[in-house]
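Below you'll find the structure, written out as structure tokens, and then a few comments.
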Amino acid sequence: MLLALLLACAEADPAPALRFLAPTDDTEVDASSPVAISLLVENFTVGDAGAKHNEDDESGIIELTIAPTTGETPSVSRLTTTTTTVDLVEGAHVLTARLLHADGHALEPEVSDSVQVMARDADTAAR
């Protein structure tokens, strides 16, 4: 019985994972040009939005939320790739990426990662 349980656990697929490669947490970015976003996704296929999903299917999209810490309304984008660029106004922002099934439902348990960045206008700061 114990051997069967150990074999079942060893054969289970690894859980999906997500993390920011860029920008990294607590970094300063240039608000005067687009900011590159790069995400590492493991054990999950990022692809077409809107498709139906099977509970056993580990594929879907990435939801990217950009929340200024000033209380302004966050922006939400749905990505079908692991890289994009975004424009940020000056100030602090929390960027959160979350894996979703193609139909927009979150994975259970949730798979997400967040970083905080400070956007500063390099042209203004240089003066």
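Could you calculate the contour length gain from residue 12 to residue 118, that is, 0.36 nm times the residue separation minus the distance between their Cα atoms, to one decimal place in nm?
34.2 nm
Under 5 Å between amide H atoms, partner at least 5 residues away or on a different chain: which partners does residue 79 have, H built in plane at 1.01 Å?
Hits under the 5 Å cutoff: 62, 63, 64.
For residue 110, tell me the accessible area in Å² from a 1.4 Å probe, rounded to the nearest 10.
110
How far, in nm, would the chain grow between residue 27 and residue 43 when pulled straight, counting 0.36 nm per residue and subtracting the alpha carbon separation?
3.0 nm
On a full-extension model of 0.36 nm per residue, what is the gain between residue 89 and residue 77, subtracting their alpha-carbon distance, rounded to one decimal in nm?
On the way: separation 12, 0.36 × 12 = 4.32 nm, distance 1.66 nm.
Taking 0.36 nm per residue and subtracting the Cα distance, the gain is 2.7 nm.
The values are calculated or read from the model by the stated rules, or taken from the named source; none is laboratory data. In this text, all values refer to a predicted model and were calculated from it rather than measured experimentally. Each accessible area value is taken on the protein alone, full model and side chains, heavy atoms only, with ligands, DNA and RNA left out. Shrake-Rupley method; radii C 1.70, N 1.55, O 1.52, S 1.80 Å.
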